[in-house]
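Everything on this sheet refers to the single structure shown next.
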Amino acid sequence: MSKSESILSGIRVLDFGRYVAGPYCATLLGYLGADVIRIEKPDGGEDRYIAPVTSQGEGGVWLQTACNKKSLTLDFNKPESREIVRRLVQSADVVVVNLPPATRESLGLDYATLSAINPRVILASQTAFGEHGPYASRGGFDGVGQAMSGAMFITGTPGAPAKAAGPYVDFSTAVLSAFGVLAALIERDRSGCGQHVQAALQATALAVFGSHLIEQGVTGINRVGTGNRVQTSAPSDVFATLDGHVLTHVVGNGLFRRWVKLMCGQDTAAQKHWLDDPRLQDDAGRGEHSTEILSTMRSWCATRTTEQAIAQLEAAGLPAGPVYTPQQALDDPQAKAMQWFAHVADYPGLPRPASVPNLPLRFSRSPGGIERAPPTLGEHTDVLLAELGYDDAARATLRSNGVV
């Protein structure tokens, strides 16, 4: 299919984001066909250099959040930059900015300023704590959201809270922001007006951890951390095999009956031991009285390889997966079959092709996903400035003055 058939073909997005939540929101819109312009400092944004993988120092975060984008450099400390931004905003449908409210306003990237330039523009902002309230001026990263949602407390063990290595708060905030932008674009078709879509790391983290918070608020149960073990069902934990580990998650009476049959085979007396125990009649009971269940599962896994355990669990209809190393995750045959990764090879300084997670969706008719490698720093500055009406002499002046 041609580019014109992409879902967001004809939509222009200005990406003033940094790190993950803002840039990946713009990335997702770009994967759906939007024309995304990344605006960053002349020496590059901080997120360009996290977890370096190229000879120039660009990192994994950059490769994941910059495919399909154009790059324009701009020094916001130069007064001439405001006119460039004004012209960009006139041509834009969406502006993505993950900065605190006061910083946005000081740079002229607040909604009042942007909508005065272009009433149809949609501002998508991502902050740590939201636009109002006692923490509104604070910055924050993914880990702060994990910490302040209760997730780290429960994920760890007593006295040792644990953060998930994957920045799920950042990426989930980006996904929610993109969702909000799509909704605002639909609404704009009716009203003709843009609006401000506001996302916050704290809000995302609380939403993801919401069921635990609901339980706490209603019951006052005051759970403590149990590591990988789920407290509300069993056997739901990580178990050692002869050559690795597997994770199982047995939820609901139907799955528990399957687990009992797997553990006991045709021994009806043994099955009866589990199925008739009054403490184990629902998930809550099994989670609370899980010692014997977990011990049985540990013993079962300890006599099998990971491959054997997964095969038997799968045959029994029980959700389970091997605990992979990062390399094993890259090599997984299902990931390859579904083409969850795109192999980006044509970025300067890469010693070998990079496996970049592609758009994690599939559409039956519409194209989407990675079409080209991330831009080098300022790669499209001249083309974009010319498009905005700056002739050769004007562009040369902007360069000599350090504006771009």
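Just so you know, all these numbers are worked out from the coordinates, no wet-lab data involved. Only a predicted model underlies this, so the values are computations on that prediction, with no experimental measurement involved. Please note: Cβ atoms are built from the backbone with ideal geometry, for glycine as well, and neighbour counts cover all protein chains shown.
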Long-range Cα-Cα pairs in the range 170-215 (distance over 12 Å), rounded percent: 64 percent
Binned Cα-Cα distances of the range 81-138, short to long, each 10 Å bin given as a whole percent: 25, 52, 21, 2
Helical contribution to [θ] at 222 nm, DSSP H n ≥ 4, -39,500 (n - 2.57), averaged over the chain, rounded to 500: -12000 deg cm²/dmol
Phe141/Asp331 FRET efficiency (R0 30 Å; Cβ-Cβ; nearest 0.05): 0.50
Folded to 0 to 90 degrees: helix 168-191 orientation relative to the chain principal axis, Cα: 60 degrees
P(r) tail fraction, the range 6-62 - alpha-carbon pairs more than 16 Å apart, %: 46 percent
Label-point separation, Ser299 to Asn228 (7 Å along Cα→Cβ), nm: 2.0 nm
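If you take all C-alpha pairs in the range 296-403, what percent of them are over 18 Å apart?
Details: 4081 of 5778 pairs.
Distances greater than 18 Å cover 71 percent of the Cα pairs.
May I ask you to derive the FRET efficiency for Ala116 and Arg352 from their Cβ-Cβ distance with R0 = 51 Å, giving the value to the nearest 0.05?
Values: r = 48 Å, r/R0 = 0.94.
Taking R0 as 51 Å, the efficiency between Ala116 and Arg352 is 0.60.
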Over the range 136-234: Rg over Rh, Cα atoms, Kirkwood Rh: 1.10
Entries in Lys163/Lys336; Lys41/Lys69; Lys41/Lys70 that, when Cα-Cα distance is taken, lie over 20 Å: Lys163/Lys336
Tensor-based shape of the range 1-154 (alpha-carbon gyration tensor, a/c under 1.5 rounded, otherwise prolate or oblate): rounded
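How would you rank 145-154, 374-383, 18-27, highest first, on the average number of other Cβ atoms within 10 Å across their residues?
Working: 145-154: 21.1, 374-383: 18.0, 18-27: 27.4.
The most tightly packed comes first, giving 18-27, 145-154, 374-383.
Quick one: grab the alpha carbon gyration tensor of the range 12-97, order the square roots of its eigenvalues as a ≥ b ≥ c, and give me rounded if a/c is under 1.5, else prolate or oblate depending on whether a/b is larger than b/c.
Working: a/c = 2.37, a/b = 1.26, b/c = 1.88.
Note, shape of the range 12-97 comes out oblate.
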Virtual spin-label span in nm between Ser366 and Gln90, 7 Å along Cα→Cβ: 3.0 nm
Rg to Rh quotient for the range 77-181, alpha carbon positions, Kirkwood Rh: 1.09
Rounded to 5, the percent of DSSP beta bridges in the chain classed as antiparallel: 40 percent
Highest-fluctuation residue, Cys193, Cys264, Cys67 considered, GNM on the chain with Cα pairs under 10 Å: Cys264
Other-chain or far-sequence residues with amide H under 5 Å of Gly194's (modelled H): Arg120, Val121
Lys163 versus Gln308: modelled label distance in nm, points set 7 Å from Cα along the beta carbon direction: 4.0 nm
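So what's the convex hull volume per residue for the Cα atoms of the range 231-333, in Å³? List each step's numbers first, then the result.
Details: hull volume 9.9 nm³, N = 103.
Output value, Cα hull per residue: 96 Å³.
What do you get when you divide the Cα radius of gyration of the chain by 2.2 N^0.38 Å, with N the number of residues? Before the final figure, lay out each step's value.
Details: Rg = 25.4 Å, N = 404, 2.2 N^0.38 = 21.5 Å.
For the chain, the normalised Cα radius of gyration comes out at 1.18.
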Per-pair calculated FRET efficiency, R0 = 22 Å: Asp282 and Thr219 via Cβ, rounded to 0.05: 0.90
Inter-centroid distance (Cα atoms) of the range 99-156 relative to the range 200-275, Å: 35 Å
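By per-residue mean of other Cβ atoms within 10 Å, what is the highest-first order of 175-181, 158-164?
Numbers: 175-181: 21.0, 158-164: 12.4.
Ranking the peptides 175-181, 158-164 by packing returns 175-181, 158-164.
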Cα-based helix-to-principal-axis angle, 80-90 vs the chain, degrees rounded to 10: 70 degrees
Nearest 10 degrees, 0 to 90: helix 210-219 Cα axis against the chain principal axis: 60 degrees
